[in-house]
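Take a look at the structure set out below.
The values are calculated or read from the model by the stated rules, or taken from the named source; none is laboratory data. Since the model is a prediction, treat every value here as computed from it, not as a measurement. Neighbour counts are summed over all protein chains in view; Cβ atoms, including those assigned to glycine, are modelled from backbone coordinates with ideal geometry. The accessibility values were calculated without ligands, DNA or RNA, using every heavy atom of the protein model including side chains. Shrake-Rupley method; radii C 1.70, N 1.55, O 1.52, S 1.80 Å.
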Amino acid sequence: MGSRWSSEEERQPLLGPGLGPGLGASWRSREAAAALPAAVPGPGRVYGRRWLVLLLFSLLAFVQGLVWNTWGPIQNSARQAYGFSSWDIALLVLWGPIGFLPCFAFMWLLDKRGLRITVLLTSFLMVLGTGLRCIPVSDLMLKRRLIHGGQMLNGLAGPTVMNAAPFLSTTWFSADERATATAIASMLSYLGGACAFLVGPLVVPAPNGTSPLLASESSRAHIKDRIEAVLYAEFGVVCLIFSATLAYFPPRPPLPPSVAAASQRLSYRRSVCRLLSNFRFLMIALAYAIPLGVFAGWSGVLDLILTPAHVSQVDAGWIGFWSIVGGCVVGIAMARFADFIRGMLKLILLLLFSGATLSSTWFTLTCLNSITHLPLTTVTLYASCILLGVFLNSSVPIFFELFVETVYPVPEGITCGVVTFLSNVFMGVLLFFLTFYHTELSWFNWCLPGSCLLSLLLILCFRESYDRLYLDVVVSV
């Protein structure tokens, strides 16, 4: 990204010399004026192949989320088949946020080498990771280490699939399609994690401690065979996506789809300094990172939180599944609405977080029914949890678009990389803390409405700006 592309030919200016009449003095910021391209050839051109590029990237994100959440829904079967401990299961989940530690290296690669090289490296890491898990060894200790190594490599793919969606949408899509493309590319990773709740339990049988037959060696071998069938299937899908990406995944279209796609951006070092010194960006970044990080940690122990309410692990899994699916659907719908009605990102976030605050408060008070006397039923728990997931998950692509608009001309990959890194730090710390202090989780319920209310206040005080959109609208006209 920025002023450099992935080859010498691609680094040539997209637009010729000259400046549109009367545009230089109308910019809101000095940075936006510096990003103005040298000439304006008219409205940008979009290509039909953009949907193929979006499909390949979205499939990669979907499978990365699916692989990451392989073990959570079948943890009891995995314990019996491979002898996993509670710490092993927790670490298999933690490899996701741990994979964000080298996030800034992937941001640098995306900025300097472009989308194709970064996506190829990401998919290759996923091939290695899913392949490691499939190596047939009889030593259970070695097998567990290979599985952990595979999950770690898959976690390293997280920064790209979570951060590159706005970069892809700006590079390939016009201004009235960008939010929709960002939503599709960013939501598919969440949808992959949700589908793991279906794939694992449908293929892998759950152990039954009350039956002596299932405690036999043949039963353990059967469970292990079914788990390995899932691992081989995921490995095959990842190899297919890698092959398709290697065959065709251009770094950018022949002509830019918008003025913003052709404009110069700040360098990597200047971008990081600008982000860390921009108070408005830090405010909205915390509004994203705190509630989304808390919600991710809360979702990871949802079955334990709902145990006192006599909700089974299966029901807890279905609650998590439908909350993510609903969030994906609503998120894409909201993004499409944002494309039609431009300049409304702050209002959309205010509505979403108002709903999230009310839903999380409803859930927390329902769990305290001995004090509040609110009805504690399966319907109320399902409704409050699913609504909470819908409101929070659907806010992700709207946040991404607002981040990019706020700090333009900072490159999209760097901007989203910083905020997702902060979110994963919050999630990782919470999951690590809960690994040791999981006996009493009622306090955790209060973290949700507290974080949502804090985010709502930060968004309310936030002063929005749309420098990138302003560039496209004014220069195109």
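Yes/no per residue for (1) in a helix (DSSP H, G or I); (2) surrounded by fewer than 24 Cβ atoms within 10 Å (Cβ to Cβ); (3) of a type outside the set (A, V, I, L, M):
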{"site": "Val46", "(1), (2), (3)": "no, yes, no"}
{"site": "Val53", "(1), (2), (3)": "yes, no, no"}
{"site": "Leu59", "(1), (2), (3)": "yes, yes, no"}
{"site": "Arg79", "(1), (2), (3)": "yes, yes, yes"}
{"site": "Phe84", "(1), (2), (3)": "no, yes, yes"}
{"site": "Ile89", "(1), (2), (3)": "yes, yes, no"}
{"site": "Leu101", "(1), (2), (3)": "no, yes, no"}
{"site": "Phe106", "(1), (2), (3)": "yes, no, yes"}
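Run down Ser267, Ser277, Ser219 and say which single residue is of a type in the set (Ser, Thr, Tyr) and open to solvent by less than 20 Å² (accessible area, probe 1.4 Å). Give the steps one after another, and end with the answer.
Values: Ser267 fails: open to solvent by less than 20 Å² (accessible area, probe 1.4 Å); Ser277 fails: open to solvent by less than 20 Å² (accessible area, probe 1.4 Å).
Step by step, each of Ser267, Ser277, Ser219 is checked, and only Ser219 is of a type in the set (Ser, Thr, Tyr) and open to solvent by less than 20 Å² (accessible area, probe 1.4 Å).
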Return the residue satisfying two criteria in turn: it lies in segment 144-169 and is of a type in the set (S, T, N, Q) and within 30 Å of Glu401 (Cβ to Cβ), and of such residues it is nearest to the chain's Cα centre (by Cα).
Asn163
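Identify all residues within segment 82-110 that are charged (D, E, K, R) and within 19 Å of the chain's Cα centre (by Cα); write none if there are none. Give the derivation first.
Applying the first criterion (charged (D, E, K, R)) to segment 82-110 yields 88.
Across segment 82-110, there are no qualifying residues.
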For the structure I just gave you, tell me whether Leu282 is open to solvent by less than 30 Å² (accessible area, probe 1.4 Å) and within 24 Å of the chain's Cα centre (by Cα).
no
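Tell me, please, whether a residue that is touching a Cys at 6+ places or on another chain (Cβ under 8 Å), β-branched (Val, Ile, Thr) and more than 19 Å from Ile324 (Cβ to Cβ) can be found in segment 114-127. Full working, then the answer.
Taking segment 114-127 as the starting set, the residues that turn out to be touching a Cys at 6+ places or on another chain (Cβ under 8 Å) are 127.
Those still in the list that are β-branched (Val, Ile, Thr) too: 127.
Still in the list and also more than 19 Å from Ile324 (Cβ to Cβ): 127.
For segment 114-127, residues touching a Cys at 6+ places or on another chain (Cβ under 8 Å), β-branched (Val, Ile, Thr) and more than 19 Å from Ile324 (Cβ to Cβ): present.
Conditions (1) assigned to a helix (DSSP H, G or I); (2) in contact with a helix residue (DSSP H, G or I) (Cβ under 8 Å, 6 or more places away or on another chain); (3) at pLDDT below 75, marked per residue:
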position	(1), (2), (3)
Thr420	yes, yes, no
Met427	yes, yes, no
Leu431	yes, yes, yes
Trp443	yes, no, yes
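Criterion first (within 28 Å of Ser123 (Cβ to Cβ) and part of a helix (DSSP H, G or I)) does Val237 satisfy it? Working first, answer last.
Details: within 28 Å of Ser123 (Cβ to Cβ): yes; part of a helix (DSSP H, G or I): yes.
The answer is yes for Val237.
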When you scan segment 215-226, do you find a residue that is assigned to a helix (DSSP H, G or I), modelled with pLDDT under 90 and not assigned by the TED database to the domain that holds Leu66, even just one?
no
Would you check if there is a residue in segment 366-386 being crowded, with 24+ Cβ neighbours inside 10 Å, in contact with a Ser or Thr (Cβ under 9 Å, 6 or more places away or on another chain) and farther than 30 Å from Asp111 by Cβ?
yes
Any residue in segment 180-193 that is farther than 12 Å from Ile324 by Cα and in the same structural domain as Ser123 (by the TED database) sitting within a Cβ distance under 9 Å of a residue that is polar (S, T, N, Q) and outside any helix (DSSP H, G or I)? List the pairs, counting only those 6 or more apart or interchain.
Ala183/Ser394
Gly131 vs. criteria in a helix (DSSP H, G or I), open to solvent by less than 30 Å² (accessible area, probe 1.4 Å) and at pLDDT below 95
no
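In this structure, is Leu142 within 30 Å of Leu52 (Cβ to Cβ), without any contact (Cβ under 8 Å) to a residue 40 or more places away in the chain and part of a helix (DSSP H, G or I)?
In short, no.
Here is a yes/no grid of residues against (1) closer than 17 Å to Thr380 by Cβ; (2) in contact (Cβ under 8 Å) with a residue 24 or more places away in the chain; (3) outside the structural domain of Ser455 (by the TED database):
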position	(1), (2), (3)
Ile305	yes, yes, no
Ala309	yes, yes, no
Asp315	yes, yes, no
Phe321	no, yes, no
Ile324	no, yes, no
Ala335	no, yes, no
Phe340	no, yes, no
Gly355	yes, yes, no
Leu358	yes, no, no
